[in-house]
Structures are given as C-alpha cells and as structure tokens.
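Read through the structure below, which is laid out as structure tokens, and then see the notes.
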Amino acid sequence: MRKSVGKRLTIAVAALATLVGTAVSVTPQAQAAGTTEYVYSNAMHRKVPVRIVDGGGSGPKPTLYLLDGLRAPNNTSGWLQNTRVDSWMVGKGTNVAIPFGGGGSFYTDWEQRDPKLGVNKWETFLTRELPAYMKKHHNSDNRRNGIAGLSMSGTAALNLASRHPSFYKAVASYSGYPTVTMPGFTQGIQASVAEMGGNPTNMWGFYPAGEWFANDPFLSAGNLAGHYVYVSSGTGVGSKYDSSLTPGSGSFNPVKFAQMVPLEVAASTSSQLYIARVATVPGVHLTTHITPDGAHWWDYWQDRFKQSWATTFRPAFF
C-alpha cells in the first residue's frame, strides 16, 4: 500500500508541473443564461464581472458559486464556454454566481500584490463582497450557500468551505488537488502559479512557512462536520467521452493523452487521499465519484456537476 501511494505521488509530481495546463481551452460560447453584472471589490480595487443566473421567485434563495480553472479568462468563464450548466440551472430556485477571472490565483487572499497577477483577494470577495451584492440585488439569503470548482478551483472550493464552515453548507470538487502540503502537490501548485506568471511566494509566503498549511483542505477537513461534500475524479485511463484518449482505439492521440491524462491521475491520487480523510469526519454527508476513466476536461466535469447538484447541493439547500 505504501509503495502504491509512493508511486502515485511520483506520477503526481510530474503531472502537477503542468497543472491544469489543458483545462482551459475553450470552444465558441453559445448564448449563456443569466446576465453579466459588474461587482465592485473594495479589496481588489476593481470591478469583477460575474455571470449570474437568478433563481427566480420572490422569496430568499440559496446561492451556488462556481469557480473556473487555472487559466480563467477575465471576460468569461470556462463554465459558460464549455458546458451548459448555466442553462441547466434555470428554474431550480437557486442563484448561480460565476465570477470571471482569477487565473492562477487559487481563489485565495494573497499575502502580497503580485507584479503579474496583481491584487488577489478572492477569499474576501467570495465570502463577503459578492455575497453582499447577491443579497442586495438577487435576494440571496446568505444562509444556504454552496461552492464548486474544477482542478485548481476544486482545491480552492474545498479550502474556502473548510475555512468558512458557517457560510457554506455544501462544496464540490471536480478533479481537484486538496492535498496542498503533501510532497509533490506543493511543488505542483507553485509551478502552476509560476506558469501563469505569478510568484507563489506572494500567494502564501515561503513554504513551509507562511499560510500554506492554513490553506490545505486536507488538514482542515474536520471543519466540514455536518456539511455536504462531493469529491470526484477519473483515473485518466481512457475516456468514454473521447476515444482519442483511449489507448488502442483507432483515433488515439498520444499527444493529447500525454497532456490531459497525467493531470487526472494526479487529481485522482489527491482526491482519494482527501476522501479517506474526510470520511472520518463526524456527520459529513460525503458523496464520491472515482471512476476508472475520465479525462481532465469539461464534459466530464459537466456530468459531475449535475450529479453533485442531485446528491449534494439540492439536499443541502432544500
């Protein structure tokens, strides 16, 4: 068992050197549901575009926050360009807020301004500023809140939920890396921030000092007692969605396989280690989906989102 975990961690180290490098390629955007609104962040000194699908009705509503991947663009979201979850959520009585931007930020409050990535105070924005806006303009009750993310933001979603357990009732991670301070994953996170031009020291300080351990979902999993938690990943060995990722198929693409599969292998390793930890937390409502296939890509995450709505967010909200 120890040898098996060690082998998976070795794979993870290599994979995380290019963390979510392919997770942000986008297709042309169809007409998205909801409206794009500009929410001023006093913490970041700028307006943040947010796609908001209003839950409808006149009474107070729950809110689900959806976060983007490593290369999140500033003028849209991968959720809008590569999935139809915005349209799918129409009529479900829940506000959906999809902030644009945050590429390379891990949606956290950075210790210092970064020369390339600027001022990042996403934790403040997501837990205080945006919720205040949602309450004022979309009748969010700020009591029934959930957060979800994929890859980089799967890590961030679990981190935010653990750091603010009185705010979030439910959280979902799709192909995330919630073992932040385990060997290999720390270096992968540092490499991914650097890939976006940022200095990871500006984020959580010099490892192992600074705020690294305070932002590790694995270490703070005990805070999720009584919460609804969803964790998913594929092993990366082939994909029912895309035959080009299945070795032996006529359309197998070894370059694409090499780009996408190691990321999912690393996510699977990290997610399964996290699942074992959170399963020991008293009262947690845990749903997991670890499959023998599935690539680091949006079609897989769209299906997992729909599943997490049924098993995790809807039961937590209603």
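The values are calculated or read from the model by the stated rules, or taken from the named source; none is laboratory data. Note that the structure is a prediction, hence the values are computed from the model and not measured. Note that each Cβ is placed from the backbone with ideal geometry, even for glycine, and that neighbours are counted across all protein chains shown. When the accessible area is computed, the model is the full protein with side chains, heavy atoms only, and any ligands, DNA or RNA have been set aside. Shrake-Rupley method; radii C 1.70, N 1.55, O 1.52, S 1.80 Å.
Quick notes
- Sites residue 211 and residue 42 - FRET efficiency at Förster radius 30 Å, r taken between beta-carbons, to 0.05: 0.90
- A Förster radius of 30 Å, combined with the Cβ-Cβ distance separating residue 288 from residue 87, puts the computed FRET efficiency at roughly 0.65.
- In loop segments of the range 58-98 as defined by DSSP, there are no trypsin sites (Lys or Arg not before Pro) with at most 10 further C-beta atoms inside 10 Å of their C-beta.
- Whole-angstrom gap from the range 120-174 to the range 275-297, using each part's C-alpha centre: 20 Å
- Centre-to-centre, using Cα atoms only, the range 301-318 and the range 199-232 are separated by 23 Å.
- Summed residue charge, Cβ within 11 Å of residue 100's Cβ, Lys/Arg positive, Asp/Glu negative: 0
- Near residue 144, once Lys and Arg are set to +1 and Asp and Glu to -1 for all other residues with Cβ below 10 Å from its Cβ, the sum equals +2.
- The shape of the range 120-244 comes out oblate: with a ≥ b ≥ c from the C-alpha gyration tensor, a/c is at least 1.5 while a/b does not beat b/c.
- Shape category assigned to the range 35-317 from the gyration tensor of Cα positions, a/c cut at 1.5: rounded
- Probe 1.4 Å, accessible area per residue of the range 121-160, Å²: 29 Å²
- Estimated inter-spin distance, residue 280 and residue 142, nm [label 7 Å along Cα→Cβ]: 3.6 nm
- Normalised by the number of residues in the range 35-317, the mean separation of alpha-carbon contacts (under 8 Å, six or more apart) gives a relative contact order of 17 percent.
- Here the accessible area is traced with a 1.4 Å probe on the protein chains. For the range 35-317, carbon and sulfur cover 53 percent of it.
- Packing order of peptides 171-182, 191-202, 155-166, highest average first: 171-182, 155-166, 191-202 (average count of other Cβ atoms within 10 Å over each peptide's residues).
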